[in-house]
Structures are given as structure tokens and as C-alpha cells.
Amino acid sequence: MDLKIYKNKQEVAEQFSSYFVDKLRDKDTFHVALSGGSTPKIVFDVLAEKFAGKVDWSKVHFYWGDERCVPPTDNESNYKMTVEHLFSKIEVPKKNINRILGEKDPVNEAMRYANLLEIDLDRIEGIPQFDLVILGMGDDGHTASIFPHEIALWDSEDHCVVATHPESGQKRVSINGKVINTAKEVAFLVTGASKAEKVEAVVEKIEGSEAYPASLVNPSSGNLVWFLDEEAAAKLNQNPS
């Protein structure tokens with residue numbers, strides 16, 4: 001586990017963007033699963049502003065780790081947010097953008113997306129392998145859309161699952177834990193004081209932390225990077241890098 005701690009959310013976004021672009025340099029194709037949330041939004045802004053013309057975006061194939069079951073025009077759509085903050089500002093072929101169809105029946109869409117991943121990605125012991133999976137973490141310790149009350153979905157036989165938000169009841173389509181942990185690299189983007197308690201529990205493996213899906217992120221490659229701001233890292237026994 002590699003912990004990278006920066007001053008604030010903006011610095012996290014800038015450092016992650018440089019890390020991401022560096023990963024692309026010697027690749028002919030690069031398959032990445034994106035995350036929604038406030039920190040990726042700033043990351044996409046930085047990528048668009050600083051790297052729009054410096055990256056061959058035609059070799060990057062975009063997917064999502066999870067999506068809310070809403071139309072692509074809905075403000076809750078992770079896809080819409082990515083279009084507004086990144087895709088509308090860079091040259092990327094439409095065929096490289098593989099969105100989860102949030103407006104479709106969730107069960108059927110989870111099956112379709114799982115099948116798409118099987119077709120598009122290399123497979124390791126039958127499990128699709130991303131080059132990079134970007135994750136966030138909720139205040140409750142959830143990641144992708146695997147929530148603590150449905151932690152059994154982590155080990156689902158299906159590559160993609162239908163999850164239910166514990167408060168709103170909103171359905172979401174999410175990749176499962178096996179797909180996350182099969183990735184060549186996994187990067188957490190976590191910022192803000194409200195995350196500090198769960199960051200401490202998950203990173204330092206405090207008793208009871210196994211109840212949080214984020215604690216189950218342990219890629220078999222060994223390549224796990226946390227990008228944190230000082231607020232999210234406040235309870236860690238670490239010095240900022």
C-alpha cells in the first residue's frame with residue numbers, strides 16, 4: 001500500500017492527474033474504470049485543463065466502476081459529470097467511452113456490462129482485468145457501490161452487481177470486488193475530514209474494519225495507492241509526503 005498525502009483536494013487532483021498521465025506513457029491501450037464523486041470531478045478538470053493536448057486520448061478506454069440507475073442527462077449520473085468535466089474538453093473517440101446504461105433495467109444492464117468487460121478486457125482466471133481502477137470511499141466505508149449492508153456483493157459470482165443505496169433506496173450497477181482486486185493497479189481518491197475515521201480504520205486495519213467494503217480492496221498485483229488530503233489522513237500514524 002502506497003500512501004500519498006497532500007495538502008488539500010486541489011493538490012490531490014493535480015498529483016493524481018500527473019500520476020495518471022504517467023501511467024499512459026508507454027501503453028498502446030489503457031483501460032480505466034472511473035469513479036464518481038467530488039474529487040474525481042476536480043481531477044477531470046485538471047486533466048482537461050493541463051493535459052487535453054498532451055495525451056493521446058485515443059488509446060484510453062473509459063469505463064465506470066459504478067453508476068447510479070438514472071438517465072445520462074440526470075445530474076446524479078457519473079457519466080454526465082465526466083462528460084461535463086472531461087470528455088467535452090478532450091479529443092476522445094466515442095467508441096472509447098463505455099458507459100453503464102443507468103436508464104436501463106438494472107439487472108439486465110449489470111449482465112450486459114459484465115459481458116462487455118469480458119469482451120473488451122484481458123481476463124485473469126476468467127475475471128476482466130483493468131489497467132487501473134479508480135475508487136472513492138464514502139463516509140460509511142463503501143467503495144464503488146458496494147455498501148456495508150450488502151457486503152456479500154463483494155464476492156458475487158457476477159462481475160457486475162445491482163446494489164441498493166441504504167438510505168435513498170436508489171439502485172446502482174457496480175463492478176464487484178473480484179474485478180477490483182484483479183486490476184493491475186487500484187487508486188483510492190479520498191478527501192475531506194468526514195472520511196478521516198474510515199480512512200484510519202481501513203488503512204490501519206482497526207478491529208471491525210472488515211465490515212467496510214473499502215477494507216476488502218487488496219489487489220493481487222500488490223499495486224494499491226491512496227491519494228489523500230491532510231483532512232482525510234488526519235487520524236493516520238503517517239507523515240505527509
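The values are calculated or read from the model by the stated rules, or taken from the named source; none is laboratory data. Bear in mind the structure is a predicted one, so any value in this text is a computation, not a measurement. A quick note on method: Cβ atoms are made from the backbone with ideal geometry, for glycine too, and the neighbour counts reach across all protein chains shown. Note: areas computed on protein heavy atoms with side chains; ligands, DNA, RNA excluded. Shrake-Rupley method; radii C 1.70, N 1.55, O 1.52, S 1.80 Å.
Per residue, the chain exposes an accessible area of 46 Å² to a 1.4 Å probe, with every protein chain left in place. Principal axis extents of the Cα atoms in the range 115-156, from largest to smallest and rounded to whole angstrom, are 33, 20, 16. Using the Cβ-Cβ distance between residue 89 and residue 157 with R0 = 51 Å, the FRET efficiency computed as 1/(1 + (r/R0)^6) comes to roughly 0.85.
In the range 73-184, the ratio of gyration radius to Kirkwood radius, Rg to Rh, stands at 0.95 when only Cα atoms are counted. Among 191, 39, 143, determine the one that fluctuates most according to a GNM of the chain built with springs between C-alpha atoms less than 10 Å apart. Fluctuation is largest for 39.
With N as its number of residues, the range 124-192 has a Cα radius of gyration that, divided by 2.2 N^0.38 Å, comes to 1.10. Once the Kirkwood radius over Cα pairs is known for the range 1-125, the Stokes-Einstein relation at 10 °C and 1.306 mPa s delivers a diffusion coefficient of 102 µm²/s. Sites listed here are trypsin sites (Lys or Arg not before Pro) in the range 68-128 whose DSSP assignment is loop and whose Cβ has at most 15 other Cβ atoms within 10 Å: 104. Projecting the Cα atoms of 52, 182, 220 onto the dipole axis of the chain, where Lys and Arg carry +1 and Asp and Glu carry -1 at the beta carbon, places 52 farthest toward the positive end. For the chain, what percent of Cα pairs sit more than 28 Å apart? Roughly 26 percent, rounded to a whole number. Under the combined filter of DSSP loop state and at most 10 neighbouring Cβ atoms within 10 Å, the range 19-54 retains these trypsin sites (Lys or Arg not before Pro): 25, 54. Taking 7 Å steps out from each Cα toward its Cβ at residue 124 and residue 49 produces label points 3.5 nm apart. Each DSSP beta bridge with both residues in the chain is either parallel or antiparallel, and the antiparallel ones are about 35%.
When the Cα gyration tensor is reduced to axis lengths a ≥ b ≥ c, the ratio a/c is 1.5 or higher for the range 123-241, and with a/b not above b/c it is classed as oblate.
In this structure, the residue pairs whose Cα-Cα separation is over 26 Å, taken from 4/54; 95/184; 7/80, are 7/80.
Could you list the residues of the range 197-241 with an amide nitrogen less than 18 Å from a label point located 7 Å from the Cα of residue 139 in the Cα-to-C-beta direction? In the range 197-241, the label zone of residue 139 (backbone N under 18 Å from the point 7 Å along Cα→Cβ) covers 197-202, 212-214, 229, 231-235.
Mean projection of the Cα convex hull over all viewing directions, computed for the range 86-138: 5.6 nm². The Stokes-Einstein estimate for the range 1-59, based on a Kirkwood radius over Cα pairs and taken at 25 °C with 0.890 mPa s viscosity, is a diffusion coefficient of 199 µm²/s.
How high is the FRET efficiency between residue 7 and residue 207 when r is their beta carbon distance and R₀ equals 25 Å, given to the nearest 0.05? FRET efficiency, residue 7 to residue 207: 0.20.
Across the chain, the relative contact order, built from alpha-carbon pairs under 8 Å that are at least six residues apart, equals 25 percent.
Shown for the chain: the carbon plus sulfur share of the solvent-accessible area, taken with all protein chains present and a 1.4 angstrom probe, equals 45%. When the GluC sites (Glu not before Pro) in the range 104-195 are filtered for DSSP coil states and for at most 15 other beta-carbon atoms within 10 Å of their beta-carbon, the remaining sites are 125, 157, 167. Dipole magnitude for the chain: about 640 debye, using +1 per Lys or Arg Cβ and -1 per Asp or Glu Cβ, origin at the Cα centre.
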